[in-house]
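Report on one structure; see the data block that follows.
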Amino acid sequence: MKDDCAPESVEDVLECVEEAGAAEERVSVREIVHRIGDDAFPPLILAPALTIVTPASAIIGLSTFCGTIVALVAFQMVIGRDRLWLPAFILNRTIERQRLERVIGYIERPARYIDRLTRKRLTMLVDPPMARVWALVCLLLSMVIPVLELVPMSSTIIAATISLFALAMLARDGLLVVMGLLVLGGAASLALGVVSTG
């Protein structure tokens, strides 16, 4: 088994995560990063963002933890690092393999559907230097997640938007960027409407 699996789709990312740590009972963030590849920034943004979209986000603190990973990865992509650095307290965090497999199970079916729809198009929107713009958007969105973690569905919507941008960069599908901007605009309009009526 080679060190990294070079994912190119959502299903690839899920497979990489599932393969991490081989048959260990607990899987660490370090093993997941190693399996995906510490130079593969979009899938390393996508994996924690997708976790927040699943029912696992009901676990208090999980959304904040995953949002922190997204922020760190996105920031390093923005500044142009070649290899990802994460602090030891994040790399050493582990999850039970059984729970990890449940999280993957939540995403597998929609992942297959999404992957059938994605393809290389409007690549000028996701090729450098534009990719750094969307990484910056992911960074800014991830910083809001800890604040909204206790507001039902809010962090899920933000994580879904981050996932769209990350997948756009991973699959080189610029249409997903457009969709992400539409979702972001809709969420912002809704938030402003709630504030103005409140």
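The values are calculated or read from the model by the stated rules, or taken from the named source; none is laboratory data. Here the structure is a predicted model, which means the values were calculated and not measured. Glycine gets a Cβ as well: all are built from the backbone with ideal geometry, and neighbour counts include every protein chain shown. For accessibility, only protein heavy atoms count, side chains too; no ligands or nucleic acids. Shrake-Rupley method; radii C 1.70, N 1.55, O 1.52, S 1.80 Å.
Annotations
- Of all residues in segment 149-175, none that is modelled with pLDDT under 95 has its Cβ atom under 8 Å from the Cβ atom of a residue that is open to solvent by less than 10 Å² (accessible area, probe 1.4 Å) and charged (D, E, K, R), 6 or more apart or on another chain.
- Residue match in segment 168-178 (condition: part of a helix (DSSP H, G or I) and open to solvent by 70 Å² or more (accessible area, probe 1.4 Å)): no
- Taken together, the residues in segment 12-31 that are crowded, with 16+ Cβ neighbours inside 10 Å and touching a helix residue (DSSP H, G or I) at 6+ places or on another chain (Cβ under 6 Å) amount to 10.
- Residue check for TRP85: open to solvent by less than 80 Å² (accessible area, probe 1.4 Å) and at pLDDT 95 or above: no
- Failed item in (1) under 21 Å from PRO7 (Cα atoms); (2) open to solvent by less than 10 Å² (accessible area, probe 1.4 Å), with ILE114 passing the rest: (2)
- Restricting segment 32-73 to residues that are of a type in the set (D, E, K, R) and closer than 12 Å to TRP85 by Cα leaves a set whose member that is least open to solvent (accessible area, probe 1.4 Å) is ASP38.
- Against the conditions (1) surrounded by 16 or more Cβ atoms within 10 Å (Cβ to Cβ); (2) out of contact with any helix residue (DSSP H, G or I) (no Cβ under 7 Å at 6 or more places or on another chain), VAL103 satisfies every one except (2).
- Candidates ALA49, ALA71: the one that is farther than 15 Å from ILE104 by Cα and in contact with a Ser or Thr (Cβ under 8 Å, 6 or more places away or on another chain) is ALA71.
- Inclusion of ILE79 among residues that are of a type in the set (A, V, I, L, M, F, W, C) and either touching a residue at least 24 places away in the same chain (Cβ under 8 Å) or touching a Leu at 6+ places or on another chain (Cβ under 9 Å) (or both) is not warranted.
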